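Asker: Could you have a look at this structure, given as structure tokens, before my questions?
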Amino acid sequence: MNLTLSIQGWFYLLSGLWPIFSIKTFEMITGAKTDKWLVKTAGLLIASSGTILIIFSGTKAALYLAILNALSLAAIDVFYVYKNVIAKIYLLDAVVEVGFVCIYLITM
């Protein structure tokens, strides 16, 4: 469980910081964004959660944070792809997020 929490933490930290350091490459993959400040805000929040998962990967609180973050991000991905608001590439993220949750459910 701890290794998976750390992996999810690094995934969140790196993917959250990506639009901060290179919004241009982020948009090349995910599509153009109107409110870049909002993308960067969400990125920093995701990176913050990732940092907590890395630091506290041995705790139940980190496990709960990991599961809730993964379910929330997957739901957002699927809903807004379905509504044609965001690019279909976000479904790949939804698969990763659900994968994390499945690992936790299997190993709990």
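Read the figures in this text as sums done on the coordinates, not as results from a lab. Values in this document were obtained by computation on a predicted structure and should not be read as measured data.
Asker: Using only the Cα atoms, what convex hull volume per residue in Å³ does the stretch 58-108 have? Display every interim value, and only then the final one.
Answerer: On the way: hull volume 3.1 nm³, N = 51.
Hull volume over Cα atoms, normalised by residue count, gives 61 Å³.
Asker: How far is helix 36-55 tilted off the main Cα axis of the chain, in degrees rounded to 10, range 0 to 90?
Answerer: The two axes meet at around 10 degrees.
Asker: Classify the stretch 2-107 as rounded, prolate or oblate from the Cα gyration tensor: take a ≥ b ≥ c as the square roots of its eigenvalues, call it rounded if a/c is under 1.5, otherwise prolate when a/b beats b/c and oblate if not.
Answerer: On the way: a/c = 2.38, a/b = 1.47, b/c = 1.62.
Oblate, because a/c is 1.5 or more while a/b does not exceed b/c.
Asker: Tell me the angle of helix 60-82 to the major Cα principal axis of the chain, expressed in degrees between 0 and 90 and rounded to the nearest ten.
Answerer: Taking Cα atoms only, the helix is inclined about 30 degrees.
Asker: Looking at the stretch 6-104, how many pairs of lysines come closer than 17 Å at the Cα, when each pair is eight or more places apart or spans two chains? Mind dumping the intermediate values first?
Answerer: On the way: K24/K33; K24/K36; K24/K40; K33/K83; K33/K88.
Lysine pairs satisfying the spacing and distance rule in the stretch 6-104 number 5.
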